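Here's the structure, in structure tokens; my notes come after.
The values are calculated or read from the model by the stated rules, or taken from the named source; none is laboratory data. The structure presented is a predicted model; accordingly, all values stated were derived computationally and were not measured. In case anyone asks, the SASA skips ligands and DNA or RNA and just uses the protein heavy atoms, side chains included. Shrake-Rupley method; radii C 1.70, N 1.55, O 1.52, S 1.80 Å.
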Amino acid sequence: MYDLLVVGAGPYGLSIASHAAAAGLSVRVLGRPMASWRDHMPRGMFLKSEPWASNLSDPEGRWRLDVYCAFRGLPVRHAEPLPLEVFAEYGLWFARNAVLEVDERTVTRVAPGTGGFEAVTEDGETLGARTVALAVGVLPFTEIPGPLRRLPPALVSHSSHHADLDRFRDQDVTVVGGGQAALETAALLAEQGTRVRVLARADRLCWNDVPPPWERPWWRAARTPHSGLGPGWRNWFYAERPGLFRRLPEGTRTRIAAGALGPAGAWWVRERIEHRVEVLLGREIVTAREVPDGLRLETAGSHGAQSLRTGHVIAATGFRATRDRLRPLAPELRALLAAGADGAPEVGPEFESSYPGLFLAGLVTATGFGPAMRFVHGATFTAGTLVRGVRRRLWDAPPRVPSPAATALLLEAPLP
């Protein structure tokens, strides 16, 4: 039986595994390393975060992104976007050096077991662990607008469903959304010859400014400090003080997690969109139906009701991390997790869920620890803090005794 089983091998899962191994825990990490970045983002995209804010975390800070780029002879500079394929390769390099071993099998079920938890892999093997860290990234939480949800995948997809966009060459595509994913996807489609438009609810697009220079007069740095989430004191607080963020009232945390750092495009995408891609603002899809050559979308907004026809819709409409989407947790285990008003599971100060021994990481903890958990930058705080919590659970806490209600739920649950 392992001390810790890490489910997920993206930036958070790999960082947690590195810290756990260094702490002397017997740890096993399962999942395809950097799967979201390798399999769910089209070629040609760039990392929006600054390279210096995109490190995976090991306790000694040896396996940073700039170290990898120096090893490869690749330029890495402040305010210069890095290709996503380079970041994915960096993640694999980190895994080889900072994590003892990655089991690339998918975990299909995590459930309570004798002495802790049982995890079932895709080929049917059952692994036992005293604690589990669920670091499943964003893919379980894809959000598609209601009118589009019942349409077939051939006509509607999420922006995270595409490793490349070649299938849309010489087609007509509507991208829904006004954030980075929507705008960069639209730019790539236009550049390959696709007839593409962007449809957004907002009345205008928002664009991030070019970051201020790394070296600048002290008084300018004091006014708008750099942070892993962008310049400014508010972003600095979100990025560098997640532990303090958690002490805010729940309603404040929920509001900030939902609205801070809202949809915006990077400065280096702007010139690829303006005057090159049709942008339909102030519109929301009301109904969508299949027609012989694709879809007919009925929209409403500030310009009244309008309709348009398109061959395919790509919904770049983000993610909604709620308890009910926490795959691969067994349903009876999900039902035992306390959740906030927004549906996100509650976590303690060391990322432990309300079910003892089950730890959560990444986007699903943004309501608890703030917007940094939506970005790679949050992996450093998460990994160190979570592993301390695991050690406390293993060695300082009394043996777990499920409550009567929990016992009843587990006894009534159907066998797998």
Rounded to the nearest 500, the 222 nm mean residue ellipticity computed for the chain from DSSP H runs (n ≥ 4, each -39500 (n - 2.57)) alone is -8000 deg cm²/dmol
Any idea of the accessible area per residue across the chain, 1.4 Å probe, to the nearest Å²? 47 Å²
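Over the stretch 56-146, what is the mean sequence separation of C-alpha contacts under 8 Å (at least six apart), divided by residue count, expressed as relative contact order in percent? Write out the running numbers ahead of the final one.
Values: 68 pairs, mean separation 13.5, N = 91.
Averaging sequence separation for qualifying contacts and normalising by length gives 15 percent for the stretch 56-146.
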Remind me, relative contact order of the chain in percent, using alpha carbon pairs under 8 angstrom and six or more residues apart? 20 percent
Pull out the extension gain between M1 and A23, defined as 0.36 nm times the separation in residues minus the alpha carbon to alpha carbon distance; nm, one decimal. 6.2 nm
Residues whose placed amide H lies under 5 Å from that of V102, excluding near-sequence neighbours: none
Once Rh for the chain is found with the Kirkwood sum over Cα pairs, what is the Stokes-Einstein diffusion coefficient at 4 °C and 1.567 mPa s, in µm²/s? 57 µm²/s
If the chain between R255 and R62 were fully stretched, how many nm would it gain, using 0.36 nm times the residue separation less the Cα-Cα distance? 65.9 nm
In terms of the alpha carbon gyration tensor, root eigenvalues a ≥ b ≥ c, rounded if a/c is under 1.5 and otherwise prolate when a/b exceeds b/c or oblate, the stretch 95-225 is oblate
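Can you bin the stretch 214-292 into rounded, prolate or oblate? Criterion: square roots of the alpha carbon gyration tensor eigenvalues sorted a ≥ b ≥ c, rounded for a/c under 1.5, prolate for a/b above b/c, oblate for the rest.
Because a/c hits 1.5 or more and a/b fails to exceed b/c, the stretch 214-292 counts as oblate.
Multiplying the sequence separation of T224 and W207 by 0.36 nm and subtracting their Cα-Cα distance, what value in nm do you get?
Roughly 4.3 nm would be gained on extension.
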What percentage of the solvent-accessible surface of the stretch 11-82, computed with a 1.4 Å probe over protein heavy atoms, is contributed by carbon and sulfur atoms? 52 percent
